[in-house]
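Contents: one structure, followed by commentary.
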Amino acid sequence: MKNLGRAFTEIGFIVFLFYSNLLMGEFERSGPGRDKGLAWAIEDIFTGANFAIAIVAALIGYVVVESLRKRL
């Protein structure tokens, strides 16, 4: 049960970092978030495709970190 909690925490943190990075990208010089606003930027980044990418990346990241933990 403890390992499951750690897995959800780490995967959730990776997903959070993914979405925060996307949101920051909307407000950089080349991003349209400055002109269209925060609500538009949030709507733009929360899509099914982005969620699928976030989950796959988080699972890969979790597996890599766990394998490194076991080796070291």
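Overview of values
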{"read-out": "The chain - convex hull of the alpha-carbon atoms, volume per residue in Å³", "value": "97"}
{"read-out": "Extension gain from PHE16 to ALA52, taking 0.36 nm per residue of separation minus the Cα-Cα distance", "value": "11.6 nm"}
{"read-out": "Between helix 2-26 and the chain: long-axis angle, C-alpha atoms, 0 to 90°, nearest 10", "value": "20"}
{"read-out": "Inter-label distance for ASP44 and PHE8, nm, one decimal - labels placed 7 Å from Cα along Cα-to-Cβ", "value": "3.3"}
{"read-out": "Debye, to nearest 20: dipole size of the chain, +1 on Lys, Arg Cβ, -1 on Asp, Glu Cβ", "value": "480"}
{"read-out": "Given charges at Cβ of Lys, Arg, Asp, Glu: the chain dipole, positive-most of ALA52, PHE27, ILE11", "value": "ILE11"}
{"read-out": "Sequence ranges 28-41, 4-17, ranked by mean other-Cβ count within 10 angstrom, highest first", "value": "4-17, 28-41"}
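Where a number appears in this text, it was derived from the coordinates with a stated rule and is not lab data. Everything numeric here is computed off the predicted structure, so don't read it as measured data. Note that each Cβ is placed from the backbone with ideal geometry, even for glycine, and that neighbours are counted across all protein chains shown.
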